[in-house]
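Structure first, then comments.
The values are calculated or read from the model by the stated rules, or taken from the named source; none is laboratory data. This is a predicted model, so every value here is computed, not measured. A quick note on method: Cβ atoms are made from the backbone with ideal geometry, for glycine too, and the neighbour counts reach across all protein chains shown. Note: areas computed on protein heavy atoms with side chains; ligands, DNA, RNA excluded. Shrake-Rupley method; radii C 1.70, N 1.55, O 1.52, S 1.80 Å.
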Amino acid sequence: MKEVYSDNTQLIQALKKGDPKAYTYLVNSYHHKLCVYAYSFTHDHNLSEDIVQNVFMRIWNKRENLKDEFSIINFLYRSVYNEFIDQYRSQKSFYPLEKKYIDALNTIVETEDEHSLERIIKLVKREIQNLPPKCKEIFLLSKEEGLTNIEIAEYKNVSIKSVEAHITKAFSILRNSLGEKADLYLFLMFR
């Protein structure tokens with residue numbers, strides 16, 4: 001029988017008592033969402049899994065310190081973000097992120113709640129899918145695959161000017177559909 005906790009306080013109290021069912025419920029309820037969230041920072045599935053596992057282990061090991069009034073979901077998302085930053089700082093040589101990327105992450109995390117961040121990622125992906133087909137293909141070759149404009153032009157057998165025009169058009173459409181923070185969102189998705 002699957003245990004269900006009717007509210008946040010009940011779940012935290014069960015965790016503090018060391019109830020393994022509460023821990024199982026916590027992992028089953030939030031593991032996937034947190035991995036998706038971590039992946040939005042790392043772009044590495046294994047690292048995302050490690051970050052989330054570390055967060056769950058830390059919560060279990062320090063469960064007595066949980067406060068009943070915590071919002072467990074906000075606490076989990078903030079913990080994943082903090083764990084990512086800790087991993088980055090401890091292994092800078094493996095994760096050559098620019099200061100600009102960390103600053104952008106801080107801006108998003110501080111101004112958006114965690115549900116908004118998930119919504120933003122889905123929105124950006126949806127808006128990219130809505131781009132005109134050729135425009136979308138060239139934009140993704142540039143941003144997801146990391147190809148240069150020259151490489152895309154050779155691969156698609158088009159002029160460099162055509163590649164530049166499609167990428168410019170994609171950015172213009174995305175800025176219109178995503179609003180004032182479009183550049184920040186796109187930077188985070190395609191650093």
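Go through the range 1-42 and give me each residue that's open to solvent by 70 Å² or more (accessible area, probe 1.4 Å), touching a residue at least 40 places away in the same chain (Cβ under 8 Å) and polar (S, T, N, Q).
Q13, the sole residue that qualifies.
Could you please let me know if E83 is assigned by the TED database to the domain that holds N28, modelled with pLDDT of 85 or more and among the acidic types (D, E)?
Answer is yes for this residue.
Which one of these does S162 not meet: (1) open to solvent by less than 50 Å² (accessible area, probe 1.4 Å); (2) under 21 Å from I121 (Cβ atoms); (3) among the polar types (S, T, N, Q)?
The single condition S162 does not satisfy is (2).
Report the residue count in the range 43-57 for those that are at pLDDT below 90, part of a helix (DSSP H, G or I), open to solvent by 60 Å² or more (accessible area, probe 1.4 Å) and not polar (S, T, N, Q).
Count: 1.
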